[in-house]
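The values are calculated or read from the model by the stated rules, or taken from the named source; none is laboratory data. Being a predicted model, the structure only gives us computed values, none of them experimental. Here Cβ is always computed from backbone atoms with ideal geometry, including for glycine, and neighbour counts include all displayed protein chains. What goes into the accessible areas is simple: the full protein's heavy atoms, side chains included, and nothing from ligands, DNA or RNA. Shrake-Rupley method; radii C 1.70, N 1.55, O 1.52, S 1.80 Å.
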Amino acid sequence: MFLKKNTNKMRSLFSVFALLALAVTVLWFGANNSTTYAGGEAGEKTSELTVSQAAPSGATRGTLFDFTGEGRTDFTTLVFNENANITWNVVGNPKDPDPNEGLIRRFDYGFAGDLTTGAGADSIVPRDYVGDLKTEVAVYRDSDSVYYLAQFPLATNTGITLDRTIPFGNGATDNFGAEGDYDGDGKIDYTAVRVQGGILNWYILTSGTNTFRVIQFGTFYSNTATPFRRTAIFQGADFTGDGRDELVVVNYTAASGTVNYLVGDAVTGAGVITKSFGNFNSDFSVTPADYTGDGIADFVAVRQTQGSNQIWYVNNSATNETTATAFGYSDPLFEGSGDSPVRGDYDGDGRHDIAVYRPTNRTFYYISTANSGSLQGQEAGNDGETPLGSFGLY
């Protein structure tokens, strides 16, 4: 699921020579209340069709959006062609690049559908589903309820070919983009989320045992709810450090700006954490991931302020301490007029980096924690393209 406040085409706002980043550490003054549960919450329970035991935790997991297997997020942009194909542009991010050499692949895969209504559009779901530490090119097609997966073309002069198809879920009723490694075997599990009676039902195909279960977790609020509320479903994230992802649901209230996270156990459906963090009206909420390097997912909100830098608020979920880092140009109206926050581990140190994609010069910028917090950048894509790393924002 492409979770973003506004998907209008990006436009130029600032000069590339203006100030990009200023890092500071401060206390968080917004909502920051959390509760950790030892057991489940009312209305959040498990209903297993086939009981499946989790695989042993600690399996090595691939890096997000790492198509080349180098242990670093590649620089990827997408083009959504009206009622036609989706064009992928991937610039490799190797650990030890040869001088004046770089891997660049550009290929079509998936359907963009109607860009106004979204009809006929595939969901973008690239992850490592086989456990080979490489991200597979993948889409989910609603029209036939099928995952389509392909291996990334590493060799030159070779096109991308369909590797396999996985029929799963119901494209007419289910939401996709909530995939995670819910059994801890190092492989991403196919996941469909269905709303039934206002409750979110998670259909998970466990890769470790090839069995299927349904977990009830979270309440769904439609866009017409009063007061105005809505629900976003994020990819799984490991909040306990046991190698297994938890389920992540976020509920927003526009009037108050409240952003409430619900984190649940993917095997039992029991509540793990509830947390209020960020502000719906001023922040991008980012899919939780490990930004602090302790192996546990953190909460992230990127605040947009008129005429100022974006502020990245990262809450260490283990210590409940929050840091604030100014990085990138703000987009206070959420209309694509500034930098886009992007997800990923671009320097390969095992933690996500604070990073943005700047459309005015088609460049990814990130703070490299592996290189003493230095500013790094890489040009990728053409004008008007969308960074893959911006999927998973709301």
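Matching residues to (1) modelled with pLDDT under 95; (2) farther than 27 Å from ASN89 by Cβ; (3) hydroxyl-bearing (Ser, Thr, Tyr):
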| site | (1), (2), (3) |
| --- | --- |
| THR117 | yes, no, yes |
| THR135 | no, no, yes |
| ASP189 | no, yes, no |
| GLY197 | yes, yes, no |
| LEU200 | no, yes, no |
| PHE212 | yes, yes, no |
| TYR221 | yes, yes, yes |
(request) For segment 169-194, enumerate the residues that are hydroxyl-bearing (Ser, Thr, Tyr) and open to solvent by less than 10 Å² (accessible area, probe 1.4 Å). (result) TYR182, THR191
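Confirm whether PHE80 is over 20 Å from TYR346 (Cα atoms), modelled with pLDDT of 95 or more, open to solvent by 40 Å² or more (accessible area, probe 1.4 Å) and over 19 Å from the mean Cα position of the chain (by Cα).
Working: over 20 Å from TYR346 (Cα atoms): yes; modelled with pLDDT of 95 or more: yes; open to solvent by 40 Å² or more (accessible area, probe 1.4 Å): yes; over 19 Å from the mean Cα position of the chain (by Cα): no.
No: the conditions fail for PHE80.
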(request) Hey, can you tell me all the residues within segment 121-148 that are open to solvent by 20 Å² or more (accessible area, probe 1.4 Å) and assigned to a loop (DSSP other than H, G, I, E, B)? (result) ALA121, ARG127, VAL130, GLY131, ASP132, LEU133, LYS134, ASP142, SER143, ASP144, SER145
(request) Report yes if some residue within segment 153-168 is open to solvent by less than 60 Å² (accessible area, probe 1.4 Å), closer than 25 Å to ASN251 by Cα, small (Gly, Ala, Ser) and out of contact with any Gly (no Cβ under 9 Å at 6 or more places or on another chain); otherwise report no. (result) no
